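Inspection log for the structure reproduced underneath, given as structure tokens.
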Amino acid sequence: MADLGIAKKYRGGLLPAPLVHRLEGVGAAILFRLFRLLPLDAASGLGGWLGRVVGPRLGVSKRAAINLRRALPGLGEAEMRRIMRGMWDNLGRVIAEYPHLAEIEIYKKGGRVELVGEEHVEPLLASGRPVIFISAHFGNWEIATMAATQRGLPVAEVYRAANNPWVDRLIHRYRGTVGSELIPKGVVAARRSIAALKEGHHLAILVDQKMNDGIAVPFFGRDAMTAPAVAQLALRFDCAILPARVERLEGARFRIVLSPPIAVQRTGDRQADTLAIMTAVNREIESWIRARPEMWLWLHRRWPD
């Protein structure tokens, strides 16, 4: 989930941040309850409308516009507005779809999810190798992991907790229906990820956020601090790295696309190999965003100012 910066606005202002967090949590609980009472398609539609109406008025929208101009400098103003509107629509829908995640059946014939590229994962599973499924805050990113868990694969998912602990508890409750083990980013993540791989589990990781103590890797032509864990784990445990993106087709209908595995080469220079792998990972994510920029969450401080 994105930190929309609402509590930050009040830091040092009229209200203390903990109180703002609690007020936000109450508001989120009411909103989630409303979304839960509505059918999935209606909830998604309402969430998209709220995103389009409220999102552009939030201060964090300025950060999204800055990122968009830097990454795609050739865009005209009309295209900029279309992408920003689409981003807020998608984010609103993702939030509204959280209470309905348990209803989404990936493999239901004629259902709301298409699956493309299964031929890329079948040989990896047959070989018995652990797989690191990588994705980004693109479309409804929660659905990518569901494709693995609903198939019966044991998956541990590394996630970033929302800055607001009240909101995070709400999201965590609904995210639990995805069926994966949830590993919060931080000091515990590396240790638990290694243990999960040793236990025969696969990993799912969103790789598109800034990591201050990561490594500099090109992303849209500019160095971006990037977590190297995917490459490090793949090199150490002979993991395959499989990109999986979720495209929103229309409303609450989706297409999961599995791409060919990222090449994992071993030259004997661990640092150079890590950079090469993460460069290929960022290049893959960048290709998704260039094709459907309105589907990516432009709100993060991905690049240094």
Margin query: Given (1) at pLDDT 85 or above; (2) crowded, with 18+ Cβ neighbours inside 10 Å, identify the lone condition not met by Pro154.
Written below: (2)
Notebook entry, point to check: Are there any pairs with C-beta distances below 6 angstrom linking a residue in the stretch 243-255 that is more than 15 Å from Leu46 (Cα to Cα) to a residue that is among the β-branched types (Val, Ile, Thr), with the two at least 6 apart or on different chains, and if so which?
Noted result: Pro243/Ile134; Arg245/Val257; Val246/Ile143; Val246/Ile256; Phe254/Val113; Phe254/Ile143; Phe254/Val246
Note to self: Need a quick list: strands (runs of 3 or more DSSP E) entirely within the stretch 213-269 having at least 1 residues that are over 30 Å from Pro99 (Cα atoms).
What the structure shows: 215-219, 222-226, 240-250
Next item on the list: Can you give me the ranges of the helices (runs of 4 or more DSSP H) entirely in the stretch 85-175 with at least 1 residues that are more than 29 Å from Pro260 (Cβ to Cβ)?
Entry: 165-175
Notebook entry, point to check: Based on what the data block shows, is Arg270 in contact with a Leu (Cβ under 7 Å, 6 or more places away or on another chain) and either under 30 Å from Ser127 (Cα atoms) or in the same structural domain as Ala126 (by TED's automatic domain parsing) (or both)?
Noted result: yes
Item checked: Pairs with Cβ under 9 Å, 6+ apart, first in the stretch 115-139 and within 30 Å of Gly47 (Cα to Cα), second of a type in the set (Asp, Glu) and in a loop (DSSP other than H, G, I, E, B) -> Ser135/Asp208; Ala136/Asp208; His137/Asp208; Phe138/Asp208
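Thr279 - would you say it is surrounded by 13 or more Cβ atoms within 10 Å (Cβ to Cβ), outside the structural domain of Asn67 (by TED's automatic domain parsing) and β-branched (Val, Ile, Thr)?
So Thr279 fits the description; yes.
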Next item on the list: Just give me the residues in the stretch 192-223 being touching a helix residue (DSSP H, G or I) at 6+ places or on another chain (Cβ under 7 Å) and either of a type in the set (A, V, I, L, M) or not assigned by TED's automatic domain parsing to the domain that holds Ile289 (or both), in sequence order.
Entry: Leu197, Leu203, Ala204, Ile205, Val207, Ile215, Val217
Next item on the list: Kindly indicate whether any position in the stretch 158-172 is over 28 Å from Asn282 (Cα atoms) and among the acidic types (Asp, Glu).
Entry: no
Checklist line | Looking only at the stretch 249-269, and only at residues there that are surrounded by 13 or more Cβ atoms within 10 Å (Cβ to Cβ) and out of contact with any strand residue (DSSP E or B) (no Cβ under 6 Å at 6 or more places or on another chain), the one that is nearest to Glu157 (Cα to Cα) | finding: Val264
Notebook entry, point to check: Of all the residues that make up the stretch 229-248, how many are within 17 Å of the chain's Cα centre (by Cα) and surrounded by 21 or more Cβ atoms within 10 Å (Cβ to Cβ)?
Noted result: 9
Margin query: For the stretch 256-282, give me each residue that is of a type in the set (A, V, I, L, M) and over 30 Å from Ser44 (Cβ atoms).
Written below: Ile262, Ala263, Val264, Ala272, Leu275, Ala276, Ile277, Met278, Ala280
Check: Out of the stretch 199-212, which residues are touching a His at 6+ places or on another chain (Cβ under 8 Å) and in a strand (DSSP E or B)?
Finding: Leu206
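The values are calculated or read from the model by the stated rules, or taken from the named source; none is laboratory data. Here the structure is a predicted model, which is why all the values come from computation and not from measurement. Reconstructed Cβ throughout: ideal geometry from the backbone, glycine too, with neighbour counts over all protein chains shown.
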